[in-house]
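Chemist: My questions all concern the structure below.
The values are calculated or read from the model by the stated rules, or taken from the named source; none is laboratory data. Given the structure is predicted, the values throughout are model-derived calculations rather than measurements. No Cβ is skipped: glycine too gets one built from the backbone with ideal geometry, and neighbour counts run over all protein chains shown. The accessibility values were calculated without ligands, DNA or RNA, using every heavy atom of the protein model including side chains. Shrake-Rupley method; radii C 1.70, N 1.55, O 1.52, S 1.80 Å.
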Amino acid sequence: MRTNRRTILQLAGGAAVALAAPAIITTRARAADKRIAMIVKNLGNSYFDACANGAKEAAAEIGGIEIIYTASAKPTAEEQIAVIDAQIAQKVDGIIVSANDADALVPVGKKAMERGIKVMSFDSAIAPAGRIVHLSASSTPLIGAKQVQMIAKTLGNKGEVAILSAASTMTNQNSWIEAMKEEWKKPEYKDMPLVATVYGDDQDDKSYREMQGLVKAHPNLKGVISPTTIGIRSGAKAIVDGGLVGKVYITGLGLPSEMKDYVLKGACDSFAIWNPVEYGYSSTMIMNDILNGKDTSEGAKLSMGKKGETTVGKDGECIMGEPFEFNKSNVEEFAKIF
Ligand code: RAM
């Protein structure tokens, strides 16, 4: 019966409710077979809005899936746990989380799984005990190294550099910073010391103030790496507002739509990111496989729909693809997309 309904939905191109079909199909078409909650770090971040759009795209492609895109106002573990609890109470079928804290979310992840809800993380991981799989956008060493390489290229491998991160508890930024430090050990960076790491908590105002604080505390600062779309855009704004273009450069992970002006103004030479729409899409495709009972043990393959397959690695770690670099030559073109 389910298969039949899916077929009808797909043939109808989403307009199943309007079909002159038997009542049972019309009625059932209103309620999704499966409900998936995508719970991100916080609301008001266009990176996650783009991920949610991708999730909805995947749901439409699969058929019979409803996406509930939700988060707390502030990116804290405490608020996020309350949001997850609310979705457990709603008895959703699956939860996809970008975690504000890897360990603090384990108990609530376990609670959901004990009640039969499938839990996975994407973007920022929950520790393995609290979820089934985690989908990383790309390999952590690659994302870390890439950001050091970009600032080194801008500065000619010379000058003081600082990191402006998100919150100190966030899994993804912390692992990227570790990977940056590994890259930094190479001899070519000996004249490009890391002088500070500060946290803007993925809040624009705090990130902006932290950037101003860095410049004040380190008069010889030449570069900043911000591995967060909120940090990089706020830091770039502080460079422009402070008349620091040409003196301090920022790089990191940003959205072309939010970084375009700063690249054209010269506050940022280059930055990188993956496609967040594809990221939400791929995560939802993986969740669909999990909901359908696919094997998630090490070595198993999970579908990312039109993005291909990913192989489950150690501790349920999966990888989507590679980051892409943006600069003056392509930022305007991609700004129209994400
Ligand atoms: C911010 C968030 C997110 C991260 C991106 C790069 O939007 O911190 O988790 O992946 O930046």
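Chemist: Non-local amide H neighbours of I68 (under 5 Å, H modeled in plane, Pro and chain starts lacking H): which ones?
Modeler: The answer is I36, A37, M38.
Chemist: Enter the accessible area per residue of the chain (Å², integer; probe 1.4 Å; all protein chains in place). Don't skip to the end; give the middle numbers.
Modeler: Numbers: 14240 Å² over 338 residues.
Roughly 42 Å² per residue, with all protein chains present.
Chemist: Scattering from the C-alpha atoms of the stretch 140-273 alone, worked out with Debye: what is log10 I(q)/I(0) at q = 0.15, 0.17, 0.19 1/Å?
Modeler: Taken in order of the listed q values, log10 I(q)/I(0) reads -0.59, -0.77, -0.99.
Chemist: Treating only the Cβ atoms of Lys and Arg (+1) and Asp and Glu (-1) as charged, compute the dipole magnitude of the chain about its Cα centre; round to the nearest 20 debye.
Modeler: Details: 39 positive and 39 negative charges, 98 e Å.
For this selection, approximately 480 debye.
Chemist: Something else: Using only the Cα atoms of the stretch 193-266, each taken as one equal point scatterer with no solvent, compute I(q) by the Debye sum, divide by I(0), and report log10 of the ratio at q = 0.18, 0.21, 0.24, 0.27 Å⁻¹.
Modeler: -0.60, -0.84, -1.12, -1.43
Chemist: Short version: ³J(HN,Hα) in whole Hz for each residue of the stretch 36-46, in order, from phi by Karplus 6.51 cos²θ - 1.76 cosθ + 1.60 (θ = phi - 60°), x for Gly and Pro, what are they?
Modeler: In residue order, the calculated couplings are 10, 8, 9, 10, 9, 4, 6, 7, x, 10, 5 Hz.
Chemist: Can you check what the Kirkwood hydrodynamic radius comes to for the stretch 197-338, Cα pairs only, in Å to one decimal? Display every interim value, and only then the final one.
Modeler: Working: mean 1/r = 0.0596 Å⁻¹.
The Cα-based Kirkwood calculation yields 16.8 Å.
Chemist: Suppose we keep just the DSSP beta bridges with both residues in the chain; what percent of those would be antiparallel, to 5?
Modeler: Numbers: 6 of 39 bridges.
Among the beta bridges of the chain, antiparallel pairing accounts for roughly 15 percent.
Chemist: Then there is this: Which residue, N157, A196, L214, has the largest displacement toward the positive end of the dipole of the stretch 140-273 when charges sit on each Cβ (Lys, Arg +1; Asp, Glu -1)?
Modeler: Final value for the positive-end residue is N157.
Chemist: Another one. Relative contact order for the stretch 140-273: what is it in percent, counting Cα pairs under 8 Å that are at least 6 residues apart?
Modeler: Relative contact order for the stretch 140-273 comes out at 28 percent.
Chemist: Sticking with this structure for a sec: Using a 10 angstrom cutoff on alpha carbons, build the Gaussian network for the chain and name the most mobile of R209, R131, R233.
Modeler: Evaluated over the chain, the most mobile residue of the options is R209.
Chemist: Apply the Karplus parameterisation 6.51 cos²θ - 1.76 cosθ + 1.60, with θ equal to phi minus 60°, to every residue of the stretch 207-213 and state each ³J(HN,Hα) to the nearest whole Hz, in sequence, with x for glycine and proline.
Modeler: For the stretch 207-213, the Karplus curve yields 4, 4, 5, 5, 5, 4, x Hz.
Chemist: Here's something else I'd like to know. So for the stretch 226-280, what are the equivalent ellipsoid semi-axes in whole Å, largest first, each being the square root of 5 times an eigenvalue of the Cα gyration tensor? Show your work: numbers first, answer last.
Modeler: Values: eigenvalues 88, 18, 15 Å².
For the stretch 226-280, the ellipsoid semi-axes come out as 21, 9, 9 Å.
Chemist: Let me ask you something else. If r is the Cβ-Cβ distance from A217 to T311 and R0 is 45 Å, what FRET efficiency results, to the nearest 0.05? Provide the component values of the computation, followed by the final result.
Modeler: Working: r = 44 Å, r/R0 = 0.99.
With R0 = 45 Å, the Cβ-Cβ based efficiency is 0.50.
Chemist: Which value, in Å to one decimal place, does the Kirkwood hydrodynamic radius take for the chain when every pair of different Cα atoms is included?
Modeler: Details: mean 1/r = 0.0481 Å⁻¹.
Kirkwood radius, the chain: 20.8 Å.
Chemist: Still on this structure: Can you give me the angle between helix 171-184 and the longest principal axis of the chain, using Cα atoms only, in degrees from 0 to 90, rounded to the nearest 10?
Modeler: Roughly 40 degrees, rounded to the nearest 10.
Chemist: Let me check against my output: what whole-number percent is the relative contact order of the chain, with C-alpha pairs under 8 Å and at least 6 apart? Walk me through the numbers on the way to the answer.
Modeler: Values: 709 pairs, mean separation 56.8, N = 338.
It comes to 17 percent, rounded to a whole number.
Chemist: Mean residue ellipticity at 222 nm from the helices of the chain, using -39,500 (n - 2.57) per DSSP H segment of n ≥ 4 over the full residue count, to the nearest 500 deg cm²/dmol? If you can, show how the numbers build up before the last one.
Modeler: Details: 12 runs with 145 residues, N = 338.
Calculated mean residue ellipticity at 222 nm is -13500 deg cm²/dmol.
Chemist: Using θ = phi - 60° and the Karplus relation 6.51 cos²θ - 1.76 cosθ + 1.60, list the HN-Hα couplings for the stretch 220-237 in order, rounded to whole Hz, with x at every Gly or Pro.
Modeler: 9, 5, 10, x, 9, 10, 10, x, 8, 5, 6, x, 5, 6, 6, x, 5, 5
Chemist: Let me ask something additional. Looking at this model, which pairs from K216/K328; K216/K314; K181/K328; K158/K237; K181/K306 are more than 32 angstrom apart at the alpha-carbon? Write out the running numbers ahead of the final one.
Modeler: Details: K216/K328 28 Å; K216/K314 43 Å; K181/K328 27 Å; K158/K237 23 Å; K181/K306 35 Å.
Result: K216/K314; K181/K306 exceed 32 Å.
Chemist: Further question on the same structure: Keeping the other protein chains in place, figure out the carbon and sulfur percent of the accessible area of the chain, with a 1.4 Å probe. Mind dumping the intermediate values first?
Modeler: On the way: 7350 of 14240 Å².
Percent of accessible area from carbon and sulfur atoms in the chain: 52.
Chemist: For each pair in K118/K146; K41/K206; K34/K110, compute the distance between the two Cα atoms and list the pairs where it is over 23 Å. Before the final figure, lay out each step's value.
Modeler: Numbers: K118/K146 33 Å; K41/K206 16 Å; K34/K110 20 Å.
Distance filter (> 23 Å) returns K118/K146.
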